[in-house]
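What follows is a single structure, written as structure tokens, with notes after it.
The values are calculated or read from the model by the stated rules, or taken from the named source; none is laboratory data. This is a predicted model, so every value here is computed, not measured. Every residue, glycine among them, receives a Cβ derived from its backbone with ideal geometry; neighbour counts consider all protein chains shown. For accessibility, only protein heavy atoms count, side chains too; no ligands or nucleic acids. Shrake-Rupley method; radii C 1.70, N 1.55, O 1.52, S 1.80 Å.
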Amino acid sequence: MTSFLKDPRQRSIALFILKAVLLYVVWFVSYDFFIAPSGKADAWLNERVATDTGTLLSITGFDGGTTPGIQQTIVTIKGKEMVGVGNPCNGFELFVLFTGFILCFPGQWKNKAWFIPAGILFIHFINVLRAMSLALIQYKAPEYLDFNHHYTFTVVVYAFIFLLWMIWVNKFSVQTPTSSK
């Protein structure tokens with residue numbers, strides 16, 4: 001075990017995993033015992049995603065809007081209810097997942113200070129595009145909604161988050177010098 005911790009790469013992997021587990025426990029306790037019971041953060045984010053989606057639909061000529069629902073905000077097209085934005089779909093967990101990776105991975109704090117908010121805004125925008133696309137699918141071809149909701153857009157959103165992580169790792173992460181041969 002001690003030889004394992006002497007290798008700098010293995011030590012940094014172990015440190016990353018330790019940080020990630022601790023951050024996950026803090027997030028889990030914070031969300032389940034404080035954030036979720038009040039419901040305010042999720043309700044605000046549900047409304048924000050739905051409102052931004054409705055606005056984008058209107059900008060693109062689809063007469064989008066929103067209406068309140070039970071534990072979600074409904075995106076409308078021409079006054080008809082299309083899709084609901086609820087807690088699982090508001091992006092909150094994606095923000096935490098992204099932020100946790102950046103916090104746990106090596107890098108300068110000054111870069112983390114701008115990269116995390118920029119990444120969260122980007123993820124929010126991708127999520128709004130996702131909600132808009134799902135609303136349009138519901139409007140034009142509702143038989144394709146379920147598949148696209150559960151598979152297509154899940155892959156797309158996580159691919160964008162992975163892309164942000166790769167940008168962080170390749171451009172902003174602290175690189176350790178390699179020994180010359």
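Any residue at all in the range 1-21 that's out of contact with any Gly (no Cβ under 9 Å at 6 or more places or on another chain), of a type in the set (A, V, I, L, M) and not in a helix (DSSP H, G or I)? Looking for residues that are out of contact with any Gly (no Cβ under 9 Å at 6 or more places or on another chain), of a type in the set (A, V, I, L, M) and not in a helix (DSSP H, G or I), one finds at least one in the range 1-21, hence yes. Residue under question is L136, and the condition is that it be out of contact with any helix residue (DSSP H, G or I) (no Cβ under 6 Å at 6 or more places or on another chain), open to solvent by 60 Å² or more (accessible area, probe 1.4 Å), part of a helix (DSSP H, G or I) and among the aliphatic types (A, V, I, L, M); does it hold? Judged against the criteria, L136 is not a match.
Of the residues making up the range 63-90, just one is at pLDDT 95 or above and in contact with a His (Cβ under 9 Å, 6 or more places away or on another chain), namely V83. The set of residues in the range 1-46 being open to solvent by less than 90 Å² (accessible area, probe 1.4 Å), farther than 30 Å from L134 by Cβ and aromatic (F, W, Y) consists of F4, F16.
Mind checking whether some residue in the range 149-160 is touching a Phe, Trp or Tyr at 6+ places or on another chain (Cβ under 9 Å) and either touching a residue at least 24 places away in the same chain (Cβ under 8 Å) or hydrophobic (A, V, I, L, M, F, W, C) (or both)? So far as the range 149-160 goes, yes, one or more of its residues are touching a Phe, Trp or Tyr at 6+ places or on another chain (Cβ under 9 Å) and either touching a residue at least 24 places away in the same chain (Cβ under 8 Å) or hydrophobic (A, V, I, L, M, F, W, C) (or both). With respect to being within 21 Å of T51 (Cβ to Cβ), among the small types (G, A, S) and at pLDDT 95 or above, A135 fits the description.
Only a single item in (1) surrounded by 14 or more Cβ atoms within 10 Å (Cβ to Cβ); (2) under 30 Å from I13 (Cβ atoms) is not met by L129, and it is number (2).
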